[in-house]
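Just below is one structure, and these are the notes that go with it.
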Amino acid sequence: MSDKVPVTVLTGYLGAGKTTLLNRILSEPHGQKYAVIVNEFGEIGIDNDLVVGADEEVFEMNNGCVCCTVRGDLVRIIDGLMRRKGKFDAIIVETTGLADPAPVAQTFFMDDNVGRKAKLDAVVTVADAKWLQDRLKDAPEAKNQIAFADVILLNKTDLVDPDALSEVEARIRGINPYARLHKTERCKIALPEVLGRNAFDLDRIMEIEPEFLGDGGHHDHDHDHDHGHDHDHDHGHAHRHDGGLKHYHDEEMQSVSLKTDQPLDPDKFFPWVQDLVQTEGPSILRCKGILSFKDDDKRFVFQGVHMILDGDHQRPWQPGEKRESRIVFIGRKLPEDKIRKGFAGCVA
């Protein structure tokens, strides 16, 4: 898996601070070579003093990174980048502030040519601490970007008071409990926290989860009303949770988390998950998992965006490492019972 170039998809609402982050990547002496693909070079205000110039679409930066614009086709740009002599350590694709990141992320699974050379590493969303609450009300894209993220930079934290900050953090958690959340000012963050997360940081998910779900990994908390689907409680339904952070349930977005310590049968699992994403794909924004298959000494990791799935053997299970399979689905109105029953049927 490691010979593929890792790709970070960078998303976030207009004005949240993506450009600040990109300028840092393109100017800091971090010793890595990044290729940054931006939607419109002129529009997003990449600092022109950084640019050494190059051919029409690709600009060389002082720190060895390259920056190019997607005026045409993402696939064509990536193909062109892959042919460049110096090659680079990673690719970062910036999506427009209004866009749903899904199609960009899917490119890395769907196009064979790209898929052979690149792999989706993580989706990073920059969110504006001051305005996110309003955006979640009026902009469905903003909610998608949060639900879709592996890493969230809650930026401009210096502009809000601590109460407002923990409120917005709780809202984010209600939509996506699995992303790694960093609070930043002017996107000041160590770049390794954002780049090179390695296969969307599944192991981190496994660490993070118990904090939020402290009840054996089921996502039922105390909301039995979910099973009757009589969603009459209002949109901002919240209750205090052990962390002192309020706990929100987002009406539209849910996550379903599954685990088993019994080995799975690949001949049952793959047809099940393929069928699930074919039928429920539009409601599943992301799915990801680490799987332990019968008679297989290597961990299998997979992830998906809507209907597109991608997976590969990762590394051998370590001696003494607990071999369990864990999967997370994040999406809108997911058929939780159907997913749980289907997964239970995949045990070898």
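Observations on the model:
- If R0 equals 25 Å, the separation of the Cβ atoms of GLN318 and ASP265 corresponds to a calculated FRET efficiency of about 0.65.
- With a simple spin-label model that places each label point 7 Å from the Cα along the Cα-to-Cβ direction, the separation between LYS183 and LYS341 comes to 4.4 nm.
- In plain terms, the chain from VAL75 to ALA348 could stretch by 94.4 nm, reckoned as 0.36 nm per residue minus the Cα-Cα distance.
- Modelled label positions at ARG83 and LYS4, each set 7 Å beyond Cα in the direction of Cβ, lie 2.3 nm from each other.
- Approximate spin-label separation ARG24-ASP112, in nm, with each point projected 7 Å along Cα-to-Cβ: 4.0 nm
Only the coordinates and a few stated rules stand behind these numbers; no lab work does. Bear in mind that the values here come from a model prediction, so they are computed numbers and not experimental data. Reconstructed Cβ throughout: ideal geometry from the backbone, glycine too, with neighbour counts over all protein chains shown.
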